[in-house]
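Asks: Got a structure here, written out as structure tokens. Questions coming.
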There are 2 protein chains.
Amino acid sequence: MHWHIEPSNGLAIYDQIVRQIKFAIAGGTIREGELAPGVRELARELTINPNTVARAYQQLQFEEILETARGTGMVVKKAATARCRKERRELIQERLNSALLEARKSGIATSELRTLLDKELKRLEKEEASA
Amino acid sequence: MHWHIEPSNGLAIYDQIVRQIKFAIAGGTIREGELAPGVRELARELTINPNTVARAYQQLQFEEILETARGTGMVVKKAATARCRKERRELIQERLNSALLEARKSGIATSELRTLLDKELKRLEKEEASA
DNA sequence: TATGCTGTACTAGGTACATAACACAGAGGA
DNA sequence: TCCTCTGTGTTATGTACCTAGTACAGCATA
């Protein structure tokens, strides 16, 4: 798994981590009972402060996605996968809808919007195929 | 024109104002040579601090969208409309692409993504028709 | 000229986020 | 046991953003 942070995404760094961990669990990259990457390890990989990762893990613990195993790491809880899948869908839908709504309110015609989306989707599919 | 601020949009309030003013100019709601809403008036309408609006206007002045007319208000500069139209397109495209990219990277199948978008677009069109 | 509007400038305080550098408790392996 | 890993907690610093309140300069109109 490779992780990536967008510094000026609007979203706080710890929030981006929370999202990515959830997505990784939803996608099966990290399975129930397995360990999430260590605080220091992930911090090194993203070149950010370990405290920031810890902050993200605290929230994931609060949301009952991870549970702490002191001395060992953070373990993905049972039943987390299903919840993450559901959340993934919701988070993505929310972000897409909000972008579409802004586009719509800005006065762009939906037909133009449709072609714009189609173009971008094709570009993504092409990338996907070549990867 | 009615303005709206999303408190926890990720985007800073002043940034949301900058966007909305640009979109209003792009859409012809405010035309070149006309006045943008006053600092105090807009602040009252959005129930935020006048300084925050002023901050947004400073940026728009820096970007040569507005020019100051002390004692009168902020005037939309000549040639601002075309630039705002271009920027509007870029801003929207950027946000859509970033949402699509996240969706794609999260492991959602593009086919599923496509149906999701289609559903949402239809909903928007329906709203548009009823409005 | 006087009044009321405009934007501008300044200081101050509060919150959220990220960084930094620690110290600590528990698990596990040599 | 000892060492090294794990996450946790604490304190401090810095920055960005927003709020609050005040004062000022300039234009427009009565």
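Nothing in this text is a laboratory measurement; each read-out follows from the coordinates by a stated rule. Since the model is a prediction, treat every value here as computed from it, not as a measurement. Here the Cβ is made from the backbone with ideal geometry for all residues, glycine too, and neighbour counts use every protein chain on show.
Asks: Scan the stretch B:44-131 for GluC sites (Glu not before Pro) in coil per DSSP, keeping those whose Cβ has at most 15 other Cβ atoms within 10 Å, and list them by number.
Replies: Here the GluC sites (Glu not before Pro) that fit, given the DSSP loop and packing criteria, are B:GLU63, B:GLU64.
Asks: Additional query: If we hang a label 7 Å off Cα along the beta carbon direction at B:LYS122, how far is it from the matching labels on the other copies, in nm, shortest first?
Replies: When each copy's label point is compared with this one, the spacings are 2.3 nm.
Asks: Give, rounded to the nearest 20 debye, the magnitude of the charge dipole that the stretch A:6-131 has about its Cα centre when Lys and Arg contribute +1 at Cβ and Asp and Glu contribute -1 at Cβ.
Replies: 180
Asks: Run the helix sum for chain A: -39,500 (n - 2.57) per DSSP H stretch of 4+ residues, divided by residue count, reported at 222 nm to the nearest 500 deg cm²/dmol.
Replies: After summing the helix terms and dividing by the residues of chain A, the value is -21000 deg cm²/dmol.
Asks: While we're looking at this one, here's another question. Return the sequence-ordered ³J(HN,Hα) values of the stretch A:70-81 in whole Hz as given by the Karplus equation 6.51 cos²θ - 1.76 cosθ + 1.60 applied to θ = phi - 60°, using x for Gly and Pro.
Replies: 3, x, 10, x, 9, 9, 6, 6, 4, 6, 6, 4
Asks: State the percent of C-alpha pairs, over all pairs in the stretch A:1-68, separated by a distance greater than 20 angstrom.
Replies: I get 20 percent for the Cα pairs in the stretch A:1-68 exceeding 20 Å.
Asks: Rank B:THR47, B:LEU66, B:GLY28 by how far each Cα sits towards the positive end of the charge dipole of the stretch B:27-75 (+1 on Lys, Arg Cβ; -1 on Asp, Glu Cβ) and give me just the farthest.
Replies: B:THR47
Asks: Given a cut-off of 13 Å, what percent of all Cα-Cα pairs of the stretch A:68-129 lie beyond it?
Replies: 76
Asks: What list do you get for B:LYS86, A:LYS77 if you sort them by fewest beta carbons within 10 Å?
Replies: If I rank by nearby Cβ atoms, fewest first, I get B:LYS86, A:LYS77.
Asks: Now a separate question. Along the stretch A:96-113, what does the Karplus equation 6.51 cos²θ - 1.76 cosθ + 1.60 (θ = phi - 60°) give for ³J(HN,Hα), rounded to whole Hz, x for Gly and Pro?
Replies: 5, 4, 5, 5, 5, 5, 4, 4, 5, 5, 6, x, 6, 5, 5, 5, 5, 4
Asks: List the trypsin sites (Lys or Arg not before Pro) within the stretch A:1-61 that fall in a DSSP loop (any state other than H, G, I, E or B) and whose Cβ has at most 13 other Cβ atoms within 10 Å.
Replies: A:ARG31
Asks: Looking down the axis that turns B into A, which residue of B has the closest beta carbon, and how many Å out?
Replies: B:GLY10, 2
Asks: Residue-wise, which Karplus ³J(HN,Hα) couplings in Hz belong to the stretch B:49-61, taking 6.51 cos²θ - 1.76 cosθ + 1.60, θ = phi - 60°, and x for glycine or proline?
Replies: Result, ordered by residue: 7, x, 4, 5, 5, 4, 4, 5, 5, 4, 5, 5, 5 Hz.
Asks: Starting from the Cα-Cα distance between B:LYS78 and B:ILE48, subtract it from 0.36 nm times their residue separation and give me the gain in nm to one decimal.
Replies: Length difference between fully extended and current span is 7.9 nm.
Asks: How many Cβ atoms of partner chains, on average, are near each residue of A:110-116 if near means within 10 Å of its Cβ?
Replies: Taking the mean over all residues of the peptide, I get 3.
Asks: Then there is this: Cα-based count: Lys pairs in chain B below 20 Å, eight or more positions apart or different chains?
Replies: Count of close lysine pairs: 5.
Asks: Additional query: Would you kindly work out, in nm and rounded to one decimal, the distances from the label point of A:GLY71 to those of the same position in each other copy, ordered shortest first, with label points 7 Å along Cα-to-Cβ?
Replies: Result for A:GLY71, in nm, nearest copy first: 7.8.
Asks: While we're looking at this one, here's another question. Just the projected area, averaged over all directions, of the convex hull on the alpha carbon atoms of chain A: how many nm²?
Replies: Mean projected area of the Cα convex hull: 9.5 nm².
Asks: Taking Cα pairs under 8 Å and at least six residues apart, what relative contact order does chain A come out at, in percent?
Replies: RCO, chain A: 23 percent.
Asks: How big is the protein assembly as shown by the Kirkwood estimate over distinct Cα pairs, in Å?
Replies: For the protein assembly as shown, inverting the mean 1/r across all distinct Cα pairs yields 20.8 Å.
Asks: Need one number: nm distance between label points at B:GLU32 and B:GLU128, each 7 Å from Cα along Cα→Cβ, rounded to one decimal.
Replies: Calculated label separation equals 2.7 nm.
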